[in-house]
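Asks: I'd like to ask you about the structure that follows.
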Amino acid sequence: MKDQGRAKRGIPPKSEFNSWYPAIVEIADLVDKRYPIKGMDVWKPYGWKTMSLIDSITRSEMERTDHLEYRFPLLVPEDLLEKENRLVAKLKAARDAGVDPSELRIGEEDAGFKKEVYWVKHGGENKLDVPMFLRPTSETPMYNMFSLWVRSHADLPLKTYQIVNTFRYETKQTRSFIRVREIHFFEAHTVHKDEETATKQIEEDASIVQNILNKLCLPNIISKRPLWDTFPGAWYTTAADVIMPNGRTLQVATYHHYRDQWAKSFDLSYEDENGDNQFCHQTTFGMSERLLGAIVGLHGDDSGLILPPAVSPIQVVIMPIATHISDDVLVYSNKIKKDLEECGIRTKIDDRNIRPGNKHYHWEIKGVPIRLEIGPKDISKEQCIISLRTGGKEILPLTDLPSSILSSLDIISEILGKRANASYREMVSQLPNSTISDGTLTFKEPLNEGIVYEFPFDGNDADAEILEKTSGLTLLGECEESYKEPRPCIMTGKLTTKKQHLAKMY
């Protein structure tokens, strides 16, 4: 009967993830996908509030680490994009040739975001002298200004961030929060005096990412992306990937070390303590609404969303029972709400004149962590009943109720973390044994759908290419976590502690 109730609410089973995910996004009222531009959803209040709470966690981390929030213009003139394209083309060519970028001349090859941007070529009825585009990311507009702001070593480090919408002409199949054309985007850009201090910034970025993902109860794989999957303008790229229930990995954060490559192109330099002119070193760090997509996908169940308490717009919904019998029920409900809110707990009273079961279904779908019931009998016993979205009911005394609720919210976070980690362990398997002959790799067992494969790897790019072609999966890069004891590389047989993963990626 319970499954039939879920079916009536239009929720496919989560085992059918590709159908379940888009259904949940709409049924839980996070976005409306009916806007007449593909990949540009309308944020509904509940979804936007959840995203705003994620942003609040990010802003707290930025303030803790002395980043300052800026807001750069949406429009970027074409000549700045051309400047970026020439730089990226040069760096990509140097990388492919295995030489220092200074040994190459800047060519005319198109690169960067030129094929992905939305162009603005008219102002009213007038054709613009210089076409503009909607920012796909903000290196070009930001670094153009950084070169005006930074003059001396006293101006460094410069640690900036912004949370804005970016736009990319996505040609693949769009999916809410995961692959969209208008992206809710966080980006931090920093400027430093040398490579060493920029590297320390990357270490700080790594810590920030884990602090945020821990609050969202999202276990993840940290990998240094392989050379061919590194942004051509970066020295190296590190990424955090969450494993979704269908076994695909979702990249939720990246941080890039740029060295002084962009600074040389944008003339971003400073006068050091000795009066000498030096080029700056830079880093970037980015996340997006994919964080919300990961929360929806990883924590939800057959009944709807399950939101981590840290980002749930409503942490406790109070459902008064039998208000027609006693006016005291609403009086107590409002007192409980006031007491909880004074302790920082986001609370709502649902006093709609509908059946209690319908109320439960409604808030269950929306993933509210705690549903609290109180009626005349509960008041006489000075108690209330709470239902946890992760399962289970409990009777709590009304005395010192906020403390008990805070403890229950912590328990829910702990349960979500344990469940997510258990799912992570189930999704990751050792790559089957294999043989290689004349450049052909053969696995002794077939690879399964929906699995992320882990293996020791210390081979070269050619070995990696063979692995990807044979498996049909993508190499995530060298994992931050290495093996405790050396193991033979799957391709070369050499002992190594380096760990890699193969997966299907979003």
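The values are calculated or read from the model by the stated rules, or taken from the named source; none is laboratory data. In this text, all values refer to a predicted model and were calculated from it rather than measured experimentally. Cβ: placed from backbone, ideal geometry, glycine included. Neighbour counts: every protein chain shown.
Asks: So, in region 425-457, exactly how many residues are at pLDDT 95 or above and among the acidic types (D, E)?
Replies: Qualifying residue count, region 425-457: 2.
Asks: From the list I436, I345, I405, which one is touching a strand residue (DSSP E or B) at 6+ places or on another chain (Cβ under 9 Å), of a type in the set (A, V, I, L, M, F, W, C), surrounded by 15 or more Cβ atoms within 10 Å (Cβ to Cβ) and in a strand (DSSP E or B)?
Replies: Working: I345 fails: in a strand (DSSP E or B); I405 fails: in a strand (DSSP E or B).
I436 is the lone residue from the list that is touching a strand residue (DSSP E or B) at 6+ places or on another chain (Cβ under 9 Å), of a type in the set (A, V, I, L, M, F, W, C), surrounded by 15 or more Cβ atoms within 10 Å (Cβ to Cβ) and in a strand (DSSP E or B).
Asks: While we're here: Considering L307, L340, which residue is buried (at least 24 other Cβ atoms within 10 Å of the Cβ) and either over 16 Å from the mean Cα position of the chain (by Cα) or outside the structural domain of V180 (by TED's automatic domain parsing) (or both)?
Replies: On the way: L340 fails: buried (at least 24 other Cβ atoms within 10 Å of the Cβ).
Exactly one of L307, L340 is buried (at least 24 other Cβ atoms within 10 Å of the Cβ) and either over 16 Å from the mean Cα position of the chain (by Cα) or outside the structural domain of V180 (by TED's automatic domain parsing) (or both), namely L307.
Asks: Here is a further query. Name, by its number, the condition in (1) buried (at least 16 other Cβ atoms within 10 Å of the Cβ); (2) without any contact (Cβ under 8 Å) to a residue 24 or more places away in the chain that does not hold for L467.
Replies: (2)
Asks: Considering only region 374-405, state which residues are on the phi > 0 side of the Ramachandran plot and of a type outside the set (D, E, K, R).
Replies: Within region 374-405, G391, G392 qualify.
Asks: Kindly indicate whether any position in region 127-134 is assigned to a loop (DSSP other than H, G, I, E, B) and either under 21 Å from W262 (Cβ atoms) or of a type outside the set (S, T, Y) (or both).
Replies: No.
Asks: Related question: With assigned to a loop (DSSP other than H, G, I, E, B) and either more than 32 Å from the chain's Cα centre (by Cα) or aromatic (F, W, Y) (or both) as the only criterion, which of E481, E445, E485, E449 stands out?
Replies: E445 is the lone residue from the list that is assigned to a loop (DSSP other than H, G, I, E, B) and either more than 32 Å from the chain's Cα centre (by Cα) or aromatic (F, W, Y) (or both).
Asks: What number of residues within region 332-372 satisfy the criterion of being in contact with a helix residue (DSSP H, G or I) (Cβ under 7 Å, 6 or more places away or on another chain), among the acidic types (D, E) and under 24 Å from A28 (Cβ atoms)?
Replies: 2
Asks: Just one of (1) closer than 16 Å to G233 by Cβ; (2) modelled with pLDDT under 65; (3) over 28 Å from the mean Cα position of the chain (by Cα); (4) not aliphatic (A, V, I, L, M) trips up G112, so point out which.
Replies: Among (1) closer than 16 Å to G233 by Cβ; (2) modelled with pLDDT under 65; (3) over 28 Å from the mean Cα position of the chain (by Cα); (4) not aliphatic (A, V, I, L, M), G112 violates only (3).
Asks: Out of all the residues in region 147-204, which are farther than 30 Å from K44 by Cα and among the β-branched types (V, I, T)?
Replies: Residues of region 147-204 that are farther than 30 Å from K44 by Cα, as a first pass: 147-159, 190-204.
Correct list: V150, T190, V191, T197, T199, I202.
Asks: In this structure, does F177 turn out to be of a type outside the set (G, A, S), part of a strand (DSSP E or B) and in contact with a helix residue (DSSP H, G or I) (Cβ under 7 Å, 6 or more places away or on another chain)?
Replies: Against the criterion (of a type outside the set (G, A, S), part of a strand (DSSP E or B) and in contact with a helix residue (DSSP H, G or I) (Cβ under 7 Å, 6 or more places away or on another chain)), F177 does not qualify.
Asks: Output yes when any residue across region 205-224 is surrounded by fewer than 20 Cβ atoms within 10 Å (Cβ to Cβ), modelled with pLDDT under 95 and either acidic (D, E) or not in a strand (DSSP E or B) (or both), and no when none is.
Replies: So far as region 205-224 goes, no, none of its residues is surrounded by fewer than 20 Cβ atoms within 10 Å (Cβ to Cβ), modelled with pLDDT under 95 and either acidic (D, E) or not in a strand (DSSP E or B) (or both).
Asks: Further question: With the checklist (1) surrounded by fewer than 20 Cβ atoms within 10 Å (Cβ to Cβ); (2) of a type in the set (A, V, I, L, M, F, W, C); (3) part of a loop (DSSP other than H, G, I, E, B) in hand, flag the one item V331 doesn't pass.
Replies: The failed condition is (3).
Asks: Working only within region 348-378, note down all residues that are assigned to a loop (DSSP other than H, G, I, E, B) and polar (S, T, N, Q).
Replies: If the condition is that a residue be assigned to a loop (DSSP other than H, G, I, E, B) and polar (S, T, N, Q), then N353 is the only one that fits.
Asks: Something else now. Which numbered condition in (1) within 24 Å of C479 (Cβ to Cβ); (2) small (G, A, S); (3) more than 17 Å from the chain's Cα centre (by Cα) is the only one that S223 fails?
Replies: If we test S223 against (1) within 24 Å of C479 (Cβ to Cβ); (2) small (G, A, S); (3) more than 17 Å from the chain's Cα centre (by Cα), just (3) comes out false.
Asks: OK, next. When you scan region 478-485, do you find a residue that is over 22 Å from T249 (Cβ atoms) and modelled with pLDDT of 95 or more, even just one?
Replies: Within region 478-485, one or more residues are over 22 Å from T249 (Cβ atoms) and modelled with pLDDT of 95 or more.
Asks: Residues of region 238-248 being crowded, with 22+ Cβ neighbours inside 10 Å and among the polar types (S, T, N, Q), which ones?
Replies: T238
Asks: Residues D301, D328: which one is within 28 Å of I183 (Cβ to Cβ), charged (D, E, K, R) and out of contact with any Leu (no Cβ under 6 Å at 6 or more places or on another chain)?
Replies: Matching residue, one of D301, D328: D301.
Asks: Search region 408-433 for residues being more than 22 Å from the chain's Cα centre (by Cα) and of a type in the set (S, T, N, Q), and hand back the single one that is surrounded by the most Cβ atoms within 10 Å (Cβ to Cβ).
Replies: Of everything passing the filter in region 408-433, S408 is surrounded by the most Cβ atoms within 10 Å (Cβ to Cβ).
Asks: When you go through S404, S387 one by one, which is the residue that is hydroxyl-bearing (S, T, Y), touching a residue at least 24 places away in the same chain (Cβ under 8 Å), farther than 12 Å from I306 by Cα and not assigned by TED's automatic domain parsing to the domain that holds N211?
Replies: Details: S404 fails: touching a residue at least 24 places away in the same chain (Cβ under 8 Å).
None of the others qualify; the one that does is S387.
Asks: Which ones in region 379-402 are in a strand (DSSP E or B), among the polar types (S, T, N, Q) and under 30 Å from P12 (Cβ atoms)?
Replies: Listed by number, the list holds a single entry, S387.
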